[in-house]
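Heads up: the structure comes next, in structure tokens.
The values are calculated or read from the model by the stated rules, or taken from the named source; none is laboratory data. Here the structure is a predicted model, which means the values were calculated and not measured. When we count neighbours, we look across all protein chains shown, and the Cβ atoms used for this are built from the backbone with ideal geometry, even at glycine. Only protein heavy atoms, including side chains, enter the accessible area calculation; ligands, DNA and RNA are left aside. Shrake-Rupley method; radii C 1.70, N 1.55, O 1.52, S 1.80 Å.
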Amino acid sequence: MAVTGSWNNGGTSNPVLRTNVWGDQSYTLSQNEIYGSLFNLMISMQTFSDNLKGMYGDLAAKFKVDGSMYGDFKTYIGHDVQEVYDFTDPYAYNAEGNFQGNILKTKKAPQPKVQYVQIDQIKFLEVSLDQFLSKRMAQDEGAFSQFQSAVLGWFHDTKKVYEATLINAFVGTTVSNATRATINIPVSTARGNASSEEEANRLEASCIAETVANLLVDLKDISRDFTDWKQLRSYSGDDLMFVWNSAWVNKVKKIDLPTIFNKEGLMEKMEENILPARYFGHLVAAGDKGSGKVINGDGEYDNTKGTLRALISKEVTVSDTKYFLFPGDAIPAGSTVKSSGTFEENEVYVEDADVMGKVIHRSAVPFMSAYETETSFFNPRSGVTNHYMYFMYSNPTYLKNYPFLTLKKA
């Protein structure tokens, strides 16, 4: 540690100021009350290592599928229903002049749809630790080892944060291209029929419950409306997961509606997967540009339309201040959102309180992880060990064979 004050052997009240190894904090040693030429020493040192609990990382874990160090993509193929024909006189000719009893005639199956998911993202983390001068901050080997272990433990914790926020922001902002990609829930109309705030709240919750119940019926039916590929599909309720905006779940759960929600098990579905409201939104669009002008860009984004948040992980510098943002973090004021700006337009989204949640097939988001490895390099000249961690994964995407639906207030 570097001494920035002075040691006074005469026992006066000049303390020794010390700055820690990282230079971000200084502290004052206490002068001994009896022997003024001495200073009281540190009793103990504890490094916090229980820093991440909860974290809303369930979706990343549920969607994760195994990858490999060999090869880089998975192939997903979807077939459609086949045609049905009338059986007539086997000795007759059909309208095209073909003999119906011709066993040499061939008929191909409908052309399948194909989608590829590729492991094409590589990230790494690095940190340097020494075994000499930094030991002087600790009172013993145990405290020093605890500190070193906590620093290295953040490799894995940081990766968990990265994956959790990446998937959460993807799920909360993505809208599919299905015919019925967005399920509008007419809560405004329901509330407008109420004579009191209490009744309005109940009618709102009833409207949500009814819409979700009807949607489950429609998804169980045979339809082409709920996937991008528009192939004939049907689903059971067990195939689907609901990912709810916490703001809407907390609002509905405060209203006593056990008969409505429990009848079809809907309350359980509302508690299945919950994400904080900040992850739900829509990609920036022309309608988000206006007069707010706290964040500059092509036409200025209006902050009254909703908080602008990062869709990706990125390090940026705004007004000489460096920020490292995870997906879902608010864009720093003063950032530019435009081509070659602080953020590209496809790197941000607008938080949208009208997005209630998502209805997703449990296999719809294959988050492929290839491998994770750590290595280190010791420099004997400086006594510093450089630690590195590498991991590979596929960019979040949804499979066009499955439903990926948005529940939205209307």
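Observations, loosely collected:
- FRET efficiency, 1/(1 + (r/R0)^6) with R0 25 Å, evaluated for Asp221 and Ile103 via beta carbons: 0.10
- Remark: the range 70-81, residue by residue, has Karplus-estimated 3J(HN,Hα) of 10, x, 8, 8, 10, 10, 10, 10, x, 9, 10, 5 Hz, where x stands for each Gly or Pro and the curve is 6.51 cos²θ - 1.76 cosθ + 1.60 at θ = phi - 60°.
- Accessible area per residue (1.4 Å probe, heavy atoms of protein chains only) ranks Ser206, Ser376 as Ser376, Ser206, with the largest value leading.
- Most to least packed among 314-322, 396-404, 335-343 [average Cβ atoms within 10 Å]: 396-404, 335-343, 314-322
- Measuring with a 1.4 angstrom probe and ignoring ligands and nucleic acids, Lys230 comes out at about 80 Å² accessible.
- Each residue of the range 307-321 is assigned a 3J(HN,Hα), and the resulting list reads 5, 7, 10, 6, 8, 10, 8, 7, 9, 9, 10, 10, 6, 6, 9 Hz, derived from the Karplus form 6.51 cos²θ - 1.76 cosθ + 1.60 (θ = phi - 60°), x at Gly and Pro.
- Near Phe367, the amide H atoms lying under 5 Å from its own belong to Lys64, Val65; only residues 5 or more places off or on other chains count, and H is placed 1.01 Å from N.
- FRET efficiency, Gln111 to Thr375 (Cβ-Cβ, R0 45 Å, nearest 0.05): 0.45
- Residues whose amide H comes within less than 5 Å of that of Val348, counting only those at least five positions distant or on another chain, are Val284, Leu311 (H built at 1.01 Å from N in the peptide plane).
- When each of Lys159/Lys338; Lys314/Lys338; Lys62/Lys408; Lys62/Lys358; Lys62/Lys230; Lys113/Lys230 is checked by Cα-Cα distance, pairs over 19 Å: Lys159/Lys338; Lys62/Lys408; Lys62/Lys230
- Stokes-Einstein diffusion coefficient of the range 176-215, Kirkwood radius over Cα pairs, 37 °C, 0.692 mPa s, in µm²/s: 301
- Couplings 3J(HN,Hα) for the range 136-150, derived from phi with the Karplus relation 6.51 cos²θ - 1.76 cosθ + 1.60 (θ = phi - 60°), are 5, 7, 9, 7, 7, 5, x, 5, 5, 5, 4, 5, 4, 5, 5 Hz, where x marks Gly and Pro.
- Relative contact order [Cα under 8 Å, 6+ residues apart], the range 327-391, whole percent: 17
- Amide H contacts for Ile185 (H built 1.01 Å from N in the peptide plane; partners 5 or more residues away or on another chain; cut-off under 5 Å): Lys408, Lys409, Ala410.
- Legend: calculated FRET efficiency, Glu315 to Asn177, from the Cβ-Cβ distance at R0 = 35 Å, rounded to 0.05, equals 0.60.
- Ordered from highest to lowest accessible area with the whole protein assembly present and a 1.4 Å probe, Ser188, Ser369 read as Ser188, Ser369.
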